[in-house]
Structures are given as C-alpha cells and as structure tokens.
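S.K.: Sharing a structure here in structure tokens format.
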Amino acid sequence: MKRNHLSSFYVSLWLLFTAVILQAVESAKGKYAHMLFNELFEDYSNALRPVEDTDKVLNVTLQITLSQIKDMDERNQILSAYLWIRQSWYDAYLKWDKDKYDGLDSIRIPSNLVWRPDIVLYNKADDDFSEPVNTNVVLRYDGKITWDAPAITKSSCVVDVSYFPFDSQQCNLTFGSWTYNGNQVDIINSLDSGDLSDFVEDVEWEIHGMPAVKNVVTYGCCSEPYPDVTFTLILKRKSSFYIFNLLLPCILISFLAPLGFYLPADSGEKVSLGVTVLLALTVFQLMVAESMPPSENVPLIGKYYIATMTMITASTALTIIIMNLHHCGSEAKPVPQWARVIILDYMSKIFFVYDVGENCTSPKREKEEECKLEGDGGCQRRHKEVRSHLSNKNDDYHLKEKLNGNLNKSHGDHGENVREIVNCCSCYKMLIKNIEYIANCVRDHKASRAKGIEWKKVAKVMDRFFMWIFFIMVFFMSVLVIGKAA
C-alpha cells in the first residue's frame, strides 16, 4: 500500500514539474514573440512591394479551395461560391534568425500590418467591393508569408441551356493583380487545379473538375503583360429533380393527347380533352421559361414542349374535322368509291373497326340473323308473291273475266257472293299500294341511315388511324429526348 502511494506521489510530482516547464517555455516564447514583433515592424511599411531591388519580380503563389456552391442563377448568369483563397509570398524585410529568439520560427499577425498583393476576381459580378477579410497571416523566419482568407464570390458565368436539364456548364474564376503588371508581381499556380478535398456536395450540381491555367494578357491600355490564373469549374446538373417534376409529367400528358381520338364522337369531350392538355403543357412551358435566361438557345425540354403543343394543336384540329365527318347526315353526299375501298374495306380491317353488332370473329352475324328471320317468315314471302302477281295492270281484268265466266256457269243464287269477292280483291289491291308506299318510305329511310352510318364508320376509322400515328410520334419524341440526355 505504501509503495502504491509513493508511486502516485511521484507521478503527480512529475506532471506538475512538466506543466511548470511548459508554462515557462510558453512564457519565454511569448516574450520573444513580442520582442521580435517590435523589432520587425519598427521601421516597416506595408505600402510598398517588399523587395530589395525594385526591378525584381515578386512571385505570389495562389491556391484556391472550393468549399461550396451556394447558388447558380441561370437567368442572371451568376455563380455564387464559397472559396478559401491561399496566397503566399516572400517579404524581404520580415526575416530573422530564429536562434536569437529561442528557436521561434513563425508568428501570426494581422494581415493589414504587412504588404498584401491586390489580387482580385476579374469576372466579379457583385455590387459589394469591400476589402478582403482581415484574417491573420503566418509569418515565417525566412520571410515567407501565408495568407488564408475565406471569400464568398459572385462571378459571371456564361450559361448554355441548350440541353437543359441534361446540361453541363463551365464557369471561369479569373484571379489577377489589379494594379501590378507581370514585371512587378507574377502569379504562380500552387496546383494544376483547384482543391476539391473539402467540397460540400451540392444538391443540384456535380463537380467534374476545376483545372487551373495561367494566362499572360497584354491589354490595349498598357504595353506590360498582366498575368492571371483562370480556374475552370466544370459542373454537371443533377437532372433527377427536373425529370420527375417537369419532363415526366409532360410525357404523361402527351400520351393523353392521342387518347382523344379514342373517345366516342357522341361524348362531346373530344375537343375539350385536347384543349385541356394544351393548357396544361402551356403552364409547364411557362415554368421552364421563367427559370431560363433569355437567349437564342432554346432548352431541350422547351423544344419538347413546343413539339408536343404543336402535335396537340394538330390533333385538336383533326378531331374537329373528324367530328364533322361523323355528323354527316342524310343530306350529305355518299361516301366516294375510293374512300369506301381504302377506308371502309382495308383500313377498317387493319385497325379493327366494325359496325354495330360486329366483331373481329363474325362481322356478318347480324346479316345472317336477318336472313334467317326472313326465311322463317312465310307470310312475308306470300305477300311478296301476291304483290308481284297483282302488280301488273291486267291482273284485275283477267280476274274479272274469270269470275264472269264462272258466273255464267253458276247458278243465279251465287252471283252476290262473286260480287263480294271482286270487291274484296279491289280492297286488297288498295292495301297493297299502301304497303308499297310505306315500304318505299322505309327503304329510303334505311338508305339515308346507311349513308350516315357509312360516314360515321369513316370517321371512326380515321380516329383510330390518327390515334396510332400520334402515339408513335409521342413515343419517338420521348425516346429522342432521353437519347439526348444519354
């Protein structure tokens, strides 16, 4: 037990001694840091380039770290990004011998105390021209200064929406000195591309790279070269949101348009369906137009909307024409022979369009049943025979002659019965004439009705024909849009 207590006492004593030593070291370093700061900035000026020879070029190393894409405003063509900007250079007047200061090799001081390069974003699209954030800089004993500063930048970006929502964009971030030319300050790339290791994944855009290129430009105002570093941000839009909210509803609505041809003509909703679908697509088209920049390049989804709206307009116009054919009555001309052969004989079989009561297996069933019923009606055949027998003009004369001959041969008491028979035959003849008149009227009515039925069948066949044509058009347009996405 005593040994355990002694061990714990020695450990505590050692920890206390170590803490005292570290505090003394920190106090000594703090003392040397104050001494070093006072000696370095006693005669220092941050207004001039820190070079011993004014003809010497000061090299500034630039590194950009992309942290987050805050917004991509396609309509105003502005990219908002959160960056970490690291700049490093050597100051010839801020060096010291670290051995004289107890091995102190670096200090951290406010950035406004030292000279800083005036590197700015050339394609800045922000109204705020405030100074960079005054974060501390790290000053090393050899004069190297490293300045890390966060920045929220708004840069102009030319947005090409030709393949929206399956588009890719390239936005440039060009950094360079605003007043120093290439003979005074030269910019060097720290890396071949921007640093994306700390990038926060965006919900709308994928980052496919951020290559960096150094350019040396000579402007018309000055003969000196001006170097700059351009970081090209390669973005790929995530299209899932637009597929489920803009493209897929449009495709589903587009497939409703051909179904208008399948509606019965007597329903009265064929034209209403086409107009409703056209209005729905107009709403989606306005939603896309509000988010896109006004340019000559029409987005891919906009082209799809326009093509679909044109198709629906054509289908509505064709529906009106077919409705007129459907409602052709007895006053209309008969169906032309070429239409009867092409549409009623061939196209009706191709598109499985039959008359009322017909089907694809027995299209003549109704006619067979009618013939069967006519075969069972013996009285109708007898009436036909009597009508054909009495239709001649001499039938009554022959009948009277025959009856008169029989009258001479018969007894006198039978004369009244014969005259009654003659009178009955005359009444029967009048009845037959009335029946013929009614039959002619019914026959004319059936002919007129058959003419209207033929026009209705022509309209129905054309409905089926255009329905399949427009279904094929919608299908191929949808495949074309999806193919463009791939």
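The values are calculated or read from the model by the stated rules, or taken from the named source; none is laboratory data. All figures in this text were calculated on a predicted structure; none of them were measured in a lab. Here the Cβ positions follow ideal geometry from the backbone for every residue, glycine too, while neighbour counts run over all protein chains shown. To get the accessible areas, we keep the full protein, side chains included, count just its heavy atoms, and leave off ligands, DNA and RNA. Shrake-Rupley method; radii C 1.70, N 1.55, O 1.52, S 1.80 Å.
S.K.: Return the pairs, sorted by first residue and then second, in which the second residue is of a type in the set (Gly, Ala, Ser) and open to solvent by less than 100 Å² (accessible area, probe 1.4 Å), the first residue lies in the stretch 34-53 and is assigned to a loop (DSSP other than H, G, I, E, B), the beta carbons are less than 6 Å apart, and the residues are 6+ apart or on different chains.
M.R.: So the pair list comes out as 50/92; 51/92; 52/92.
S.K.: Just to verify a result, which residue in the stretch 164-194, among those that are of a type in the set (A, V, I, L, M, F, W, C) and assigned to a loop (DSSP other than H, G, I, E, B), is nearest to residue 484 (Cα to Cα)?
M.R.: 166
S.K.: Would you confirm, using the coordinates I've provided, whether residue 161 is outside any loop (DSSP other than H, G, I, E, B) and more than 30 Å from residue 98 (Cα to Cα)? Even if it seems obvious, please write down each step before you answer.
M.R.: Details: outside any loop (DSSP other than H, G, I, E, B): no; more than 30 Å from residue 98 (Cα to Cα): yes.
No, not satisfied.
S.K.: Turning to a different aspect of this structure: List, please: which pairs have Cβ atoms under 6 Å, are six or more places apart or on different chains, and start with a residue in the stretch 183-212 that is closer than 24 Å to residue 239 by Cα and end with one that is at pLDDT 90 or above and open to solvent by 70 Å² or more (accessible area, probe 1.4 Å)?
M.R.: 200/68
S.K.: For the stretch 227-248, which positions are among the hydroxyl-bearing types (Ser, Thr, Tyr) and open to solvent by 50 Å² or more (accessible area, probe 1.4 Å)?
M.R.: Applying the first criterion (among the hydroxyl-bearing types (Ser, Thr, Tyr)) to the stretch 227-248 yields 230, 232, 239-240, 242.
Once the filter is applied, which keeps residues that are among the hydroxyl-bearing types (Ser, Thr, Tyr) and open to solvent by 50 Å² or more (accessible area, probe 1.4 Å), the stretch 227-248 yields only 240.
S.K.: Right, another one. Can you tell me which residue among 87, 63, 77 is within 56 Å of the chain's Cα centre (by Cα), open to solvent by less than 20 Å² (accessible area, probe 1.4 Å), touching a residue at least 12 places away in the same chain (Cβ under 8 Å) and assigned by the TED database to the domain that holds residue 142? Even if it seems obvious, please write down each step before you answer.
M.R.: Working: 63 fails: open to solvent by less than 20 Å² (accessible area, probe 1.4 Å); 77 fails: open to solvent by less than 20 Å² (accessible area, probe 1.4 Å).
So the residue among 87, 63, 77 that is within 56 Å of the chain's Cα centre (by Cα), open to solvent by less than 20 Å² (accessible area, probe 1.4 Å), touching a residue at least 12 places away in the same chain (Cβ under 8 Å) and assigned by the TED database to the domain that holds residue 142 is 87.
S.K.: Can you confirm whether residue 115 is touching a helix residue (DSSP H, G or I) at 6+ places or on another chain (Cβ under 7 Å), surrounded by 15 or more Cβ atoms within 10 Å (Cβ to Cβ) and in the same structural domain as residue 41 (by the TED database)? Give the steps one after another, and end with the answer.
M.R.: Working: touching a helix residue (DSSP H, G or I) at 6+ places or on another chain (Cβ under 7 Å): no; surrounded by 15 or more Cβ atoms within 10 Å (Cβ to Cβ): yes; in the same structural domain as residue 41 (by the TED database): yes.
Taking the combined requirement at face value, the residue does not satisfy it.
A quick yes/no check of all residues on (1) within 18 Å of residue 119 (Cα to Cα); (2) touching a helix residue (DSSP H, G or I) at 6+ places or on another chain (Cβ under 9 Å); (3) loosely packed, with under 13 Cβ neighbours inside 10 Å:
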position: 176; (1), (2), (3): yes, no, no
position: 192; (1), (2), (3): no, no, yes
position: 195; (1), (2), (3): no, no, no
position: 198; (1), (2), (3): no, no, yes
position: 202; (1), (2), (3): no, no, no
position: 225; (1), (2), (3): yes, no, no
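S.K.: Another question, if that's okay. Of these, 268, 182, 209, which one is small (Gly, Ala, Ser), more than 21 Å from residue 80 (Cβ to Cβ) and exposed (fewer than 15 other Cβ atoms within 10 Å of the Cβ)? Give the steps one after another, and end with the answer.
M.R.: Values: 182 fails: exposed (fewer than 15 other Cβ atoms within 10 Å of the Cβ); 209 fails: more than 21 Å from residue 80 (Cβ to Cβ).
So the residue among 268, 182, 209 that is small (Gly, Ala, Ser), more than 21 Å from residue 80 (Cβ to Cβ) and exposed (fewer than 15 other Cβ atoms within 10 Å of the Cβ) is 268.
S.K.: Next question. Mind checking which residues of the stretch 307-342 are among the aliphatic types (A, V, I, L, M) and under 16 Å from residue 470 (Cβ atoms)?
M.R.: Here is the first cut: in the stretch 307-342, the residues among the aliphatic types (A, V, I, L, M) are 307, 309, 311-312, 314, 317-318, 320-323, 325, 332, 335, 339, 341-342.
The answer is 307, 309, 311, 312, 314, 317, 318, 320, 321, 322.
S.K.: Within the stretch 104-120, count every residue that is basic (Lys, Arg) and closer than 20 Å to residue 43 by Cβ.
M.R.: From the stretch 104-120, those basic (Lys, Arg) are 108, 116; that's our starting set.
Still in the list and also closer than 20 Å to residue 43 by Cβ: 116.
Residues meeting the conditions: 1.
S.K.: Restricting to the stretch 45-60, what's the tally of residues that are among the polar types (S, T, N, Q) and buried (at least 16 other Cβ atoms within 10 Å of the Cβ)? Please lay out each step first, then the result.
M.R.: From the stretch 45-60, those among the polar types (S, T, N, Q) are 45-46, 54, 59; that's our starting set.
Retained after the next criterion (residues that are buried (at least 16 other Cβ atoms within 10 Å of the Cβ)): none.
Total satisfying the criteria: 0.
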